[in-house]
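A short worksheet on the structure shown next.
The values are calculated or read from the model by the stated rules, or taken from the named source; none is laboratory data. Every value quoted in this text rests on a predicted model; they were computed, and no experiment measured them. For neighbour counting, all protein chains shown are included, and Cβ atoms are generated from backbone atoms with ideal geometry for every residue, glycine included. Areas reflect the complete protein model, heavy atoms only, side chains present, ligands, DNA and RNA absent. Shrake-Rupley method; radii C 1.70, N 1.55, O 1.52, S 1.80 Å.
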Amino acid sequence: MSNDNGYLVEVKDLKEHFPVRTGFFEKTMLKAVDGVSFQIKPGETLGLVGESGCGKTTVGRTLLHLYKPTGGQILFEGEEVTENNINEYRKKMQMVFQDPYSSLNPRMIVEDIIGEPLDVHKLYSSKGERREKILGLMETVGLNAEHATRYAHEFSGGQRQRIGIARALAVNPKFIVCDEPVSALDVSIQAQVINMFEDLQKKLGMAYLFIAHDLLIVKHISDRIAVMYLGRIVEIGDADEVYHSPKHPYTVSLLSAVPIPDPKTAKERQRIILSGDVPSPMNLPSGCAFRTRCPYATEKCAAECPSLTDRGDGHMVACWNK
Amino acid sequence: MSVEENKMPKRSPFSAQIDLAKFELATEEEKRQQDVMSESTTFLKDGMRRLRKNPLAMGSIVVLVLILLLIIIAPRVVPYTYSGIITVDGVRDKSAKNLAPFTYSKLEQKYIDEGGEVFPHILGTDEMCRDYFMRVIYGTRVSLFVGLFASVLVLIIGVLYGSISGYAGGRVDMFMMRVVDIIYSLPDLLMVILLSVVLSQVITFQPGSLMAKLGSNMVSLFIVFGLLYWVGMARLVRGQILSIKENEYVLAAQSIGAKSGRIIKRHILPNCISVIIISTALQIPSAIFTESFLSFVGLGVQAPMPSLGSLANSARDGLQSYPYKLVFPAVMICLIVLAFNLLGDGLRDAFDPKLKD
């Protein structure tokens, strides 16, 4: 099963460009994801952070072939996932969605929502087995058996997210893309759901790609963190490394924006406020995409795009400034 | 109770504390009610509950059921047919022309005087000595049948076309919608007239069959409905599907590995069913109205089969002498169309999720 380098998921130079109509006959490419590479080991959690519109969600969806990749490779257990064999991998890779309100069909009862993957892949031999499996899944995510015949609109946001997680778990996946699974929930519920993600990982040994824009949550749950800016990864490394000694100026400014619960420390901290807006992904600046807002930008940044280079211990940074 | 009351702390004067004596302890049953969630309601149950609260919609359902019962039961009770001249004791009664409601002709009066029994002419007779009540009943039958059949036709074609176009999206959608635009621009009445002229030459029906009784005009009307009137439904369904497609549960179904057919059937169509029900309910009266109009201008059902429109048309000739003959079919059309429209409105209020919040 295992391949030479031991990675579960390997993404090489993934690109996803969307054509956008700008005039009657003109089309511009929106480069949502432009050359992203990362690896995830079995049982590991990679956190993916970045501000809205930087392509985090697109990375997750392209990974599962919900969008057809424009370029690049996706390897699962060393084998390439393509349009043709994707159905095989639908049982191994699953997704938990961001919005617990729109990710569950309002006309289906919980039992059928969770049972749909079982139906599609025909993973049971009798009605009784199906029901047993569904009830088992519901117990795993902390739902009562009596909830099985209810509709999604009868549940709270946290419960709905649990239903979504149970649906993803139904096929026993080895890898789950969590697309901002807690950003639509209350803070108190966020903690519950995050802890459940951790417990499930301990119990079932899945790997996560955990997409979020809240750095604290990502730091809490991730083994490694990748920071995205405008369709590219600018920094990737160990969670503690990235959090405590960020190298890329964008990561530094992101971290300085994380709220600190202690007002004294918060006052002493220096906040780095970036000037200007995020450039449009349809019209990226030359060279490094961050140079228009970077306080350390030089002429080299405008001329050439930096690639990820190792700064020791697998901490990769895409920046010309050492 | 009194023992428990004594346990409660006394409210000190001037304090802002709520007077605890005013509270009552919850009974065991009330506590149990807290544990149980409210009864699960399905989309259909919820909608029906709201529909039952709407007096106009319920009234129109009652009216429609009464009309339905009338057109089913009346032909079994009343001994006259819609096409036959009234006979008295086996003899054709040529004198029973243009009788007023509940009156008898000379021949019939003579027969009654001799001790025979004659079923009353509830709405009188027409100028061909036929029982007018039966003609109105059969006219209603034809109109309702045409309305329902045409709406089902529109429903099937429109939903199929619209859901394919909306789900496929992109170029397919663009092409399919341009076809719809072209059809939308055709004048439908002109098409009915042209088709009925052509079809009456081309098609011959087996004598005695239902289609032959309705005549080529009706068949061409159905064909026109099937060819032209579905575009409104197709547009509506496509629009719904375009918006439903963006929901994450469709993406979730894709990530599970569900095929397109399953996604349309299980996830998309059930979510636009309310729009489909409502517009079908509103399509029926419009089809009935179109049929009545065409029959009125002489392009409807073939004589002697009556329809409400053709009855109104023939009543126009004797309007000065027998104005009530126009009133009966006209009232019937109004009742049916009004009832269906009010029912459609009621369904929309009850099932449209946008009005819910």
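Note on exposure: B:Trp230, A:Trp320 ranked by accessible area (1.4 Å probe, complete protein assembly) read A:Trp320, B:Trp230, with the most exposed listed first. By accessible area, using a 1.4 Å probe on protein heavy atoms only, segment B:215-357 has 63% of its surface on carbon and sulfur. Summed over all non-identical Cα pairs, the Kirkwood treatment of segment A:239-322 gives a radius of 14.4 Å. Within the same chain, lysines fewer than 8 places from A:Lys247 are excluded, and of the rest, those with a Cα less than 17 Å from its Cα are A:Lys219, A:Lys322. GNM on chain A, alpha-carbon springs under 10 angstrom: the most fluctuating residue among A:Gly128, A:Gly72, A:Gly43 is A:Gly128.
The three principal axes of the C-alpha atoms in chain A carry coordinate ranges of 68, 53, 48 Å, sorted with the longest axis first. Residues of segment A:89-104 that bury at least 30 Å² of accessible area once all protein chains are present, compared with their chain alone (1.4 Å probe, heavy atoms only, ligands and nucleic acids left out), are A:Arg90, A:Gln94, A:Phe97, A:Ser102. Surface calculation, 1.4 Å probe, protein heavy atoms: A:Phe155 sits at approximately 10 Å² accessible.
Need one number for segment B:144-217: average projected area of the convex hull over its C-alpha atoms, nm².
Values: hull surface 25.3 nm².
Orientation-averaged projected area of the Cα hull: 6.3 nm².
When chain B is treated as a GNM, springs tying every alpha-carbon pair under 10 Å, which of B:Asp317, B:Asp188, B:Asp126 comes out with the largest mean-square fluctuation? Looking only at B:Asp317, B:Asp188, B:Asp126, the biggest GNM fluctuation is shown by B:Asp317. Where q = 0.17, 0.27 Å⁻¹, what log10 of I(q)/I(0) comes from the Debye formula for segment A:104-172, counting one point per Cα? Cα-only, vacuum Debye calculation for segment A:104-172: -0.51, -1.30.
Remark on segment A:108-125: accessible area falls by at least 30 square angstrom from chain-alone to full-complex state for A:Met108, A:Glu116, A:Val120, probe 1.4 angstrom. Name the residue farthest towards the positive end of the dipole of segment B:208-330 from the options B:Ser255, B:Asn271, B:Ser220, assuming +1 on Cβ of Lys and Arg, -1 on Cβ of Asp and Glu, about the Cα centre. Value computed over the given set: B:Ser255. The magnitude of the dipole of the protein assembly as shown, with charges of +1 and -1 set on the Cβ of Lys/Arg and Asp/Glu and taken from the Cα centre, is near 960 debye. What's the angle, to the nearest 10 degrees (0 to 90), between helix B:188-202's Cα axis and the longest principal axis of chain B? Tilt relative to chain B: about 50 degrees.
Rolling a 1.4 Å probe over the heavy atoms of the protein chains gives segment B:134-356 an accessible area of 44 Å² per residue. Residues considered: A:Gly142, A:Gly287, A:Gly276. Largest GNM mean-square fluctuation over chain A, using C-alpha springs under 10 Å, is found at A:Gly276.
Under a point-charge model restricted to the Cβ atoms of Lys and Arg (+1) and Asp and Glu (-1), what is the dipole moment magnitude of segment A:81-223 relative to its Cα centre, in debye to the nearest 20? Mind showing how you got there, number by number?
On the way: 17 positive and 19 negative charges, 84 e Å.
Charge dipole of segment A:81-223: 400 debye, to the nearest 20.
Measuring between their Cα centroids, segment B:235-313 and segment A:213-290 lie 52 Å from each other.
If you keep only loop residues by DSSP, which trypsin sites (Lys or Arg not before Pro) in segment B:255-335 have at most 16 other Cβ atoms within 10 Å of their Cβ?
On the way: sites: B:Lys259, B:Arg262, B:Lys265, B:Arg266, B:Arg316, B:Lys325; in loops: B:Lys259.
Passing sites in segment B:255-335 are B:Lys259.
Taking the Kirkwood radius as the inverse of the mean 1/r across Cα pairs, report the Rg/Rh of segment A:185-253. On the Cα set of segment A:185-253, Rg over Rh gives 1.00.
By how many degrees, between 0 and 90 and to the nearest 10, does the Cα long axis of helix B:324-351 differ from the longest principal axis of chain B? The angle comes out at about 20 degrees.
Centroid-to-centroid, using Cα positions, segment A:17-91 and segment A:300-322 are 22 Å apart.
When the gyration tensor of segment B:85-129 is built from Cα positions, what are the square roots of 5 times its three eigenvalues, in whole Å, from largest to smallest? Don't skip to the answer; put the middle values down first.
Working: eigenvalues 50, 28, 12 Å².
Here the semi-axes work out to 16, 12, 8 Å.
For chain A, the Cβ-based charge dipole about the Cα centre amounts to some 420 debye (Lys, Arg positive; Asp, Glu negative; other atoms uncharged).
Loop-located chymotrypsin sites (Phe, Trp or Tyr not before Pro) in segment B:59-140 (DSSP state other than H, G, I, E, B) with a sparse environment of at most 11 neighbouring Cβ atoms within 10 Å: B:Phe102.
Give the carbon-plus-sulfur fraction of the accessible surface of segment A:1-123 in %, rounded to a whole number; probe 1.4 Å, heavy atoms of protein chains only.
Values: 2490 of 5280 Å².
Of all accessible area on segment A:1-123, carbon and sulfur atoms account for 47 percent.
Between chain B and chain A, roughly 2400 Å² of accessible surface gets buried, counting both sides and using a 1.4 Å probe. Simple rule: put +1 on each Lys or Arg Cβ and -1 on each Asp or Glu Cβ in the protein assembly as shown, find the dipole, and look at B:Gly115, B:Leu99, B:Ile72; the Cα lying farthest toward the positive end is B:Leu99.
Positive end of the dipole of segment A:187-234 (Cβ unit charges, origin at the Cα centre): among A:Ala207, A:Val187, A:Leu230, the Cα lying farthest that way belongs to A:Leu230. For segment B:154-207, the fraction of 1.4 Å probe accessible surface lying on carbon and sulfur atoms is 74 percent.
Per residue, how many Å² of accessible area does segment B:38-91 show with a 1.4 Å probe?
Values: 3420 Å² over 54 residues.
Heavy-atom accessible area per residue stands at 63 Å².
Taking 25 °C and 0.890 mPa s as the conditions, I'd like the Stokes-Einstein D for chain B in µm²/s, using the Kirkwood hydrodynamic radius from alpha carbon pairs. List each step's numbers first, then the result.
On the way: Rh = 25.1 Å.
In µm²/s, the coefficient is 98.
Per residue, the accessible area of segment A:54-148 comes to 41 Å², computed with a 1.4 Å probe over protein heavy atoms only.
Note that the protein assembly as shown, at 37 °C in a medium of 0.692 mPa s, gets a Stokes-Einstein diffusion coefficient of 104 µm²/s from its Kirkwood radius over C-alpha pairs.
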